[in-house]
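Beneath this line is the structure, given in C-alpha cells, with notes to follow.
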C-alpha cells in the first residue's frame, strides 16, 4: 500500500484484528486457538475495548455490569424496537438500531456522564475517605453552581435503593475492585443528598459508570458498553414480539387515545 506522501508504509493502522488465509488474530491473540472456548463473551468484549484479557475478578464484575443493564422492562427503547419491528419485521437489525438510538440523557446516557465527572475529578488511588469527601463536596458545589445535577443518582421506581447497585458494590468489594472512583461516587451521592435535602439513591448506571472507570475504561466509550448490553435485551423483546406481538396493539391504542387538532380551525381573535 502506498502512503499519501509516496512512501510504501501503510497510512492507516489497527491493532484490533486481521485475517490471513489460515488464521484470524484479534488484539494479538489467535481467535480460534486462544479465545474461542477459552473466554466468555464479556471477556472478549473487555479485550476488544481495553486491549487486554481481564483477570478472573475483573471478568466477573464486567459481566455483572453487562447483565445489570441488559433489560429494564418495557422502556421507551424497547417500545421503539418493537414498533419498528411491527413496520419492518424483515429487518430485525433496524428494530435493534431504533432501540439503541434511544440511549441518551434519560436512558443509559448518565453512564457516560458519571464516568466523565469521576475521571475529571481524578481521585488518587490511595486517597483517604476524608480526601474523597472533600473532593465530593467541591464537585457537588461546582455542579450546583452550573445548575447541574450529579448524574447517576435517583430512580423513578427503586426509590429506596436500586437492587442492582447493591449487588454490584458487594461484588466489587468482595473482588477487591472497589476503587477510588467508585468510592468517590458514593461520597458524591451523600453530598448531593445533603445539599438537596433528599435521599438520592445511587442507580445502576451511576454504579456501573463508576466501576468501569475503576476498571480503566475511558468515559468516552462507556455509553457504547451500555448499548451493547441493552442490545441483548432488545433482541429478547423482539423474539417475544415475534411470538406475542404488542406493536400493533400499541399503535391502535395511540390512535384511539389521540385527537387530531387542525391548527387552522381555531384562529386567534
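If a residue must be in contact (Cβ under 8 Å) with a residue 12 or more places away in the chain, on the phi < 0 side of the Ramachandran plot and outside any helix (DSSP H, G or I), how many such residues does the range 199-247 contain?
Selection size over the range 199-247: 9.
Kindly provide the set of residues from the range 162-172 that are surrounded by fewer than 17 Cβ atoms within 10 Å (Cβ to Cβ) and farther than 17 Å from residue 63 by Cβ, ordered by number.
Scanning the range 162-172 gives 163, 166.
Quick check: anything in the range 54-77 crowded, with 17+ Cβ neighbours inside 10 Å, over 19 Å from the mean Cα position of the chain (by Cα) and without any contact (Cβ under 8 Å) to a residue 40 or more places away in the chain?
Looking through the range 54-77, none of the residues is crowded, with 17+ Cβ neighbours inside 10 Å, over 19 Å from the mean Cα position of the chain (by Cα) and without any contact (Cβ under 8 Å) to a residue 40 or more places away in the chain.
Within the range 179-201, does at least one residue satisfy the condition of being surrounded by fewer than 14 Cβ atoms within 10 Å (Cβ to Cβ) and touching a strand residue (DSSP E or B) at 6+ places or on another chain (Cβ under 9 Å)?
No; the residues of the range 179-201 include none that is surrounded by fewer than 14 Cβ atoms within 10 Å (Cβ to Cβ) and touching a strand residue (DSSP E or B) at 6+ places or on another chain (Cβ under 9 Å).
Taking residue 91, is it without any contact (Cβ under 8 Å) to a residue 24 or more places away in the chain and under 29 Å from residue 242 (Cβ atoms)?
yes
Could you check the range 118-130 and list, in sequence order, the residues that are surrounded by fewer than 24 Cβ atoms within 10 Å (Cβ to Cβ) and closer than 15 Å to residue 189 by Cβ?
Of everything in the range 118-130, those that are surrounded by fewer than 24 Cβ atoms within 10 Å (Cβ to Cβ) and closer than 15 Å to residue 189 by Cβ turn out to be 121, 123, 129.
From (1) in a helix (DSSP H, G or I); (2) under 21 Å from the mean Cα position of the chain (by Cα), pick out the condition that doesn't hold for residue 150.
(1)
Could you identify the single residue in 210, 226 that is modelled with pLDDT under 95, within 14 Å of the chain's Cα centre (by Cα) and buried (at least 22 other Cβ atoms within 10 Å of the Cβ)?
Answer to the selection: 226.
The values are calculated or read from the model by the stated rules, or taken from the named source; none is laboratory data. All values derive from a computational prediction rather than experimental measurement. Heads up, the Cβs are rebuilt from the backbone with ideal geometry, glycines too, and the neighbour counts pull from every protein chain shown.
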